[in-house]
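Student: There's a structure below that I have some questions on.
The values are calculated or read from the model by the stated rules, or taken from the named source; none is laboratory data. Note that the structure is a prediction, hence the values are computed from the model and not measured. Surface areas here come from the heavy atoms of the whole protein model, side chains and all, with no ligands, DNA or RNA. Shrake-Rupley method; radii C 1.70, N 1.55, O 1.52, S 1.80 Å.
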Amino acid sequence: MRGAALGFLYTDGHVRVYHGHHALPKAHVARMRISLPATSDYWVNDTAGDPLFVVTAEANASLVKMLPGILAQVRALVGKRRLTVVFDRGGYSPKLFQQILAADFDLLTYRKGRIPASAPKASTSAVPVRTDAP
């Protein structure tokens, strides 16, 4: 059974352009490099990259807003097992991190935005040099 192999859950959002007549909020469509009326689908995949389920966001909600509900569905499927949720910078939020950890999940992501460069720190300890080396 593939469910026994779960340990990491990869969550990713995909923008789907809307072509209907209803007014929807716009989202950035990366492949077209413009903003258009769209919805977002959030896919949850297992370690092998196989899809477990997909959730379509209402009115283009962000990954930060969608992830707690997605994790509630995951918890209902897997029980009390501790899993690691992996997502991109679209889910970067310290408040969300607290919610994920409180729900007994681990997380893996990266920081969104630029951070200032820092000067490398000089070492203050001397490195011993071997004088008896061949």
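Student: Counting only protein heavy atoms and a 1.4 Å probe, tell me what percentage of region 31-89's accessible area is made up of carbon and sulfur.
Tutor: Heavy-atom surface of region 31-89 belonging to carbon and sulfur, 1.4 Å probe: 56 percent.
Student: So what are the ³J(HN,Hα) numbers for region 63-78, from phi and the Karplus equation (6.51, -1.76, 1.60; θ = phi - 60°), rounded to whole Hz, Gly and Pro as x?
Tutor: So the J values, rounded to whole Hz, are 4, 4, 6, 7, 4, x, x, 4, 5, 5, 5, 4, 4, 5, 7, 9.
Student: Output ³J(HN,Hα) for region 37-50: one whole-Hz value per residue in order, computed from phi by the Karplus curve 6.51 cos²θ - 1.76 cosθ + 1.60 with θ = phi - 60°, and x for Gly and Pro.
Tutor: x, 7, 10, 10, 9, 10, 9, 10, 10, 7, 4, 7, x, 7
Student: Hey, another quick one. Calculate one ³J(HN,Hα) per residue across region 82-94 by plugging θ = phi - 60° into the Karplus curve 6.51 cos²θ - 1.76 cosθ + 1.60, and present them in order as whole Hz with x for glycine and proline.
Tutor: In residue order, the calculated couplings are 8, 10, 9, 9, 10, 8, 7, 5, x, x, 6, 6, x Hz.
Student: List every residue whose amide H lies under 5 Å from the amide H of residue 8, counting only residues 5 or more places away in sequence or on a different chain, with H placed 1.01 Å from N in the peptide plane.
Tutor: So residue 8 has HN proximity to 47, 84.
Student: Sticking with this one: Counting alpha carbon pairs within less than 8 Å and at least 6 residues apart, what relative contact order, in whole percent, applies to region 26-105?
Tutor: On the way: 69 pairs, mean separation 16.7, N = 80.
Here the relative contact order equals 21 percent.
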